[in-house]
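Worksheet: the structure to be examined is printed underneath.
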Amino acid sequence: MRINGTTALYGLMGHPVEHSFSPFLQNLFAKKIGKNMVYVTFNVDEGQLESAVEGLRALNIKGVNVTVPYKVEIMQYLDHIDEVARNIGAVNTIKVENDQLIGYNTDWLGLLASLNERDVYLKDKSVLIIGAGGGARAVAVMCAKEGAKKITITNRTLSKAKDLCALIESQYQIETETVHFEALKERTDLRIAFQTTSVGMYPHIENNPVYETKFYKTLDVAIDLIYNPIETHFLKEAREAGALTINGLGMLFHQGIIAFELWHGLKMGESIKDTCYNVFLDEIVNAD
Ligand code: NAP
């Protein structure tokens, strides 16, 4: 890649950002598609978010991704927010267009693409969401938009699950309910389960939000948003009980693709996507 006077700048705003795979991914896409751009990380210190956002405009930066802890806070500084991102209550991608900052959420679209490529569809399905944080909100909105029959949510702090159910019912025509962790083993109707908590993430890889082996026996599909490790304890239990398992790598990859497509106004071909995914997998497997 040759950097010159017309190279466009993109990046990731968050804190911390050092271990993100987004620079690797976005610069890989740029190389494969032939875009004169670079993608870097912007480590934004606490209290500096508003200045950082104004800096995007001032420096003519074309687009950024947003990560923890700013996906919610950043919304107040944007000119427009896409309706679904508003419903989710979080923005992870900003496009700068005619000096206007437009916020999107590509997490839910990335997850949906990773489900569909494994032939998992949500229409008329009863789904379980474990967790009620930012990731769970994207999953719940995705399930509602895709026409799921019912959403059941469980969470360590049950009041947050109740809040999420109320939010979803206020935005979409869908039935929701909350359930205690302990009651999960009695349920046989929840065939698709999304694990959206940070439990089981590296380095605490032996942890699992659900230890009841009976619970896993009724699952057809288990999805974990975590991608490090590639197979969480939750996914291992589900796989051993016979479920199809999907980790968070596809979501991460596809949300990046969708952001890239949004910024550049293009659609990436399937064969370039496949090539990039294989290079990305190599990078993940060989990462320290
Ligand atoms: P978050 O908003 O901070 O929510 C964290 C969730 O985990 C809450 O439901 C919280 O429950 C629960 N939790 C945390 N510690 C727990 C514990 N010890 N026992 C039981 N529950 C616990 O985080 P998030 O943004 O949703 O992210 C959650 C996970 O999703 C992370 O691992 C993140 O890496 C992953 N993620 C992946 C992608 C991807 O592209 N693959 C995208 C987004 C997120 P309480 O409400 O009780 O605190």
Checked against (1) part of a loop (DSSP other than H, G, I, E, B); (2) at pLDDT 95 or above, Val68 satisfies every condition except (2)
Residues being polar (S, T, N, Q) and in a helix (DSSP H, G or I) - total across the stretch 140-170: 2
Return yes or no: is Glu206 within 16 Å of the ligand (Cβ to nearest atom), more than 22 Å from the chain's Cα centre (by Cα), acidic (Asp, Glu) and part of a helix (DSSP H, G or I)? no
Top-ranked residue of the stretch 211-233 - restricted to ones that are touching a residue at least 60 places away in the same chain (Cβ under 8 Å) and surrounded by 22 or more Cβ atoms within 10 Å (Cβ to Cβ), ranked as nearest to the ligand (Cβ to nearest atom): Leu225
Return the residues of the stretch 85-121 that are part of a loop (DSSP other than H, G, I, E, B) and crowded, with 22+ Cβ neighbours inside 10 Å; say none if nothing qualifies. Ala90, Val91, Asn92, Asn105, Thr106
Mind listing whichever residues of the stretch 71-83 are modelled with pLDDT of 95 or more, closer than 23 Å to Ser20 by Cα and surrounded by fewer than 18 Cβ atoms within 10 Å (Cβ to Cβ)? Glu73, Met75
Kindly indicate whether any position in the stretch 132-139 is within 19 Å of the chain's Cα centre (by Cα) and either acidic (Asp, Glu) or not in a helix (DSSP H, G or I) (or both). yes
Within 10 Å of the ligand (Cβ to nearest atom), on the phi > 0 side of the Ramachandran plot and assigned to a loop (DSSP other than H, G, I, E, B): is that true of Gly200 in this structure? yes
Quick check on my filter: what residues within the stretch 109-163 are touching a strand residue (DSSP E or B) at 6+ places or on another chain (Cβ under 7 Å), among the charged types (D, E, K, R) and within 13 Å of the ligand (Cβ to nearest atom)? Lys162
Would you confirm whether any residue within the stretch 27-46 is touching an Asp or Glu at 6+ places or on another chain (Cβ under 6 Å) and either among the charged types (D, E, K, R) or part of a helix (DSSP H, G or I) (or both)? no
Using the structure shown, decide if Phe253 is touching a Cys at 6+ places or on another chain (Cβ under 9 Å) and in a helix (DSSP H, G or I). yes
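The values are calculated or read from the model by the stated rules, or taken from the named source; none is laboratory data. What you see is a predicted model; the values in this text were computed from it and never measured. Reconstructed Cβ throughout: ideal geometry from the backbone, glycine too, with neighbour counts over all protein chains shown.
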